[in-house]
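Here is the structure we will look at, set down as structure tokens.
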Amino acid sequence: MLDPIPSLAELHRLGAAQQPAYPDADEVARVLAELRRRPPLVFAGECDELRSKVADVAAGRSFLLQGGDCAETFDTVTAANIRGKLRVLLSMAVVLTYAAQVPVLKVGRIAGQYAKPRSRDTETRGATTLPAYRGDAVNALDFSPTARQPDPRRLIEVYNHSAATLNLLRAFVTGGFADLRAVHSWNSDFVRNSNVEERYEELAAEIERALAFMVACGVDSDTFRTVDFYSSHEALLLEYEHALTRIDSRTDTPYNVSAHMVWIGERTRQLDGAHVEYLRHLRNPIGLKLGPSATPSEAVQLVERLDPDSEPGRLTIISRMGADRVRDMLPPIIEAVEDTGREVAWVCDPMHGNTFETSLGYKTRAFSQVADELNGFFDVHQELGTWPGGVHIELTGDDVTECVGGVGELAEADLANRYETACDPRLNRNQSLELAFLIAERLTDGRIRRVNPVQEYSAEDF
Ligand code: PEP
Ligand code: CO
């Protein structure tokens with residue numbers, strides 16, 4: 001077993017990447033003392049439960065759907081916004097569960113996704129250069145010196161907004177909103193204006209009939225009424241993550257209690273860096289982003305570091321190679337990691353390797369490229385006989401215009417209509433549903449090696 005969690009000072013000595021430069025160390029200390037007193041947002045036992053569910057993904061028995069904003073903002077912590085994101089994730093999960101007949105593990109990029117790594121420390125507009133926006137956890141998006149000054153008190157706001165979000169999510173998923181008999185109502189306030197909506201409505205009607213049949217047969221299970229939903233975010237700001245790390249009294253081991261799952265981003269995955277050192281001590285299930293610069297031997301070293309005990313469900317590898325590279329770059333990484341004997345969950349992030357800027361200056365992604373990277377991911381796993389375990393997506397429940405293409409055929413000129421993201425462009429509701437149908441098609445095309453979950457159970461389980 002590993003030692004208890006290293007101190008913040010030890011972590012900083014390793015040269016932590018992507019950290020804000022706070023002007024007042026005493027203020028930071030006060031904030032951290034306050035955060036350390038706050039109650040956990042999640043219970044360590046829930047993290048253990050998620051770890052065993054990720055193990056099911058790794059073993060080919062389940063599919064992980066992880067999604068939400070690129071960057072949550074304090075202003076958008078409203079009931080409507082949270083409900084919108086949950087609704088699109090649940091709708092996607094229903095498409096996957098029903099059309100592909102595979103259990104879906106639902107994890108939000110939500111209730112803590114407030115800090116962003118940036119490729120440049122500063123932003124220049126005209127003659128003015130200011131610190132880059134690093135997420136609401138650090139500073140504000142407005143382009144002014146006061147707004148861009150890193151403020152540690154924002155970490156308390158991260159905690160408060162995460163708590164409020166998680167509280168509502170927990171109420172939604174157990175209090176009736178997620179009832180499968182409500183699949184139609186998740187869509188009711190939207191005009192049926194696309195064939196994706198129509199396909200969804202047809203599927204919802206079929207589910208309703210199937211449920212009515214089961215209830216008529218006397219089967220009426222709680223599993224129709226509630227869903228398991230977990231929170232996750234990038235563990236970027238060491239101050240915040242460290243203050244929300246607690247020793248679990250049941251097991252005497254450290255958990256990050258600010259989310260069920262936390263991941264290491266592409267820019268902070270240095271083998272000897274502070275983030276790897278911090279995350280390797282946690283008992284939570286953890287994610288590791290791998291981009292096109294990752295080599296197979298680097299991947300193996302990271303995996304050995306982060307999962308020394310080859311524990312099922314410990315690691316989710318989230319690849320984000322880009323549509324034109326996934327077919328070449330991913331196979332040697334999968335082979336090298338599989339050769340270590342570990343069963344990791346292989347998940348595709350088809351967003352971050354496919355970002356470009358339009359001539360009008362909008363950061364965007366093309367739905368066709370997102371779909372192409374996903375198809376490449378499925379092709380690679382099909383070829384290798386490994387299980388394509390899930391997707392990691394930036395999405396929102398609103399009808400934003402941030403990514404081009406998809407069923408609405410959004411053009412670059414349309415982006416100005418409703419471009420609201422605080423960071424990267426997200427799929428809107430229709431584009432997300434369209435992607436879910438595409439994934440369901442790939443999962444059912446018969447060439448993917450899959451374990452039939454039903455065969456895994458014995459008669460006594462029913
Ligand atoms: C993100 O997930 O928003 C992100 C910054 O991704 P990556 O670390 O893969 O670049
Ligand atoms: Co992003």
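The values are calculated or read from the model by the stated rules, or taken from the named source; none is laboratory data. What you see is a predicted model; the values in this text were computed from it and never measured. Using ideal geometry, Cβ is built from the backbone for each residue, glycine included, and neighbour counts are taken over all protein chains shown.
At-a-glance table
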item: Residue that is under 14 Å from LYS289 (Cα atoms) and touching a Pro at 6+ places or on another chain (Cβ under 6 Å), where the choices are MET321, MET351; result: MET321
item: Residues of the stretch 394-417 classified as touching a residue at least 60 places away in the same chain (Cβ under 8 Å) and either among the hydroxyl-bearing types (Ser, Thr, Tyr) or in contact with a strand residue (DSSP E or B) (Cβ under 6 Å, 6 or more places away or on another chain) (or both), total; result: 2
item: Any hit, the stretch 407-419, residues being within 16 Å of ligand 1 (Cβ to nearest atom), closer than 25 Å to THR76 by Cβ and in contact with a helix residue (DSSP H, G or I) (Cβ under 8 Å, 6 or more places away or on another chain); result: no
item: Residue within the stretch 243-265 that is at pLDDT 95 or above, within 16 Å of ligand 1 (Cβ to nearest atom), touching a strand residue (DSSP E or B) at 6+ places or on another chain (Cβ under 7 Å) and among the charged types (D, E, K, R) present; result: no
item: Test: residue in the stretch 235-257 that is part of a loop (DSSP other than H, G, I, E, B), of a type in the set (A, V, I, L, M) and over 23 Å from ALA115 (Cα atoms); result: no
item: Where a residue in the stretch 298-325 is farther than 20 Å from VAL370 by Cα and its partner, wherever it lies, is within 16 Å of ligand 2 (Cβ to nearest atom) and of a type in the set (D, E, K, R), with Cβ under 7 Å and at least six apart; result: LEU302/ARG269
item: Subset of the stretch 236-290 [surrounded by 22 or more Cβ atoms within 10 Å (Cβ to Cβ) and among the basic types (Lys, Arg)]; result: ARG269, LYS289
item: Strands (runs of 3 or more DSSP E) enclosed by the stretch 73-142 - at least 2 residues per element that are in contact with an Asp or Glu (Cβ under 8 Å, 6 or more places away or on another chain); result: 104-109, 128-131
item: Whichever residue in the stretch 411-430 is at pLDDT 95 or above and in a helix (DSSP H, G or I) and, among such residues, is farthest from ligand 2 (Cβ to nearest atom); result: ALA413
item: Test set (1) in contact with a Ser or Thr (Cβ under 8 Å, 6 or more places away or on another chain); (2) under 29 Å from VAL300 (Cβ atoms) - ASN375 fails condition number; result: (1)
item: ASP69, sole failed condition from (1) more than 14 Å from ligand 2 (Cβ to nearest atom); (2) touching an Asp or Glu at 6+ places or on another chain (Cβ under 8 Å); result: (1)
item: Any chance VAL400 is under 25 Å from ASP339 (Cα atoms) and buried (at least 18 other Cβ atoms within 10 Å of the Cβ); result: no
item: Residues that are more than 14 Å from ligand 1 (Cβ to nearest atom), under 20 Å from the mean Cα position of the chain (by Cα) and among the hydrophobic types (A, V, I, L, M, F, W, C), drawn from the stretch 300-329; result: VAL303, LEU306, LEU315, ALA323
item: Single match in PHE43, PHE63 (criterion: touching a residue at least 60 places away in the same chain (Cβ under 8 Å) and surrounded by 15 or more Cβ atoms within 10 Å (Cβ to Cβ)); result: PHE63
item: Condition check for TYR230: surrounded by 17 or more Cβ atoms within 10 Å (Cβ to Cβ) and outside any helix (DSSP H, G or I); result: yes
item: Sole residue being within 18 Å of TYR159 (Cα to Cα) and either within 16 Å of ligand 1 (Cβ to nearest atom) or in contact with a His (Cβ under 6 Å, 6 or more places away or on another chain) (or both), chosen from GLY67, GLY108; result: GLY108
item: Test: residue in the stretch 190-209 that is more than 26 Å from SER432 (Cβ to Cβ) and part of a helix (DSSP H, G or I); result: no
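Every residue, every condition in (1) under 19 Å from LEU8 (Cβ atoms); (2) of a type outside the set (Val, Ile, Thr), yes or no:
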{"residue": "GLU239", "(1), (2)": "yes, yes"}
{"residue": "HIS242", "(1), (2)": "yes, yes"}
{"residue": "ARG246", "(1), (2)": "yes, yes"}
{"residue": "VAL276", "(1), (2)": "yes, no"}
{"residue": "PRO296", "(1), (2)": "no, yes"}
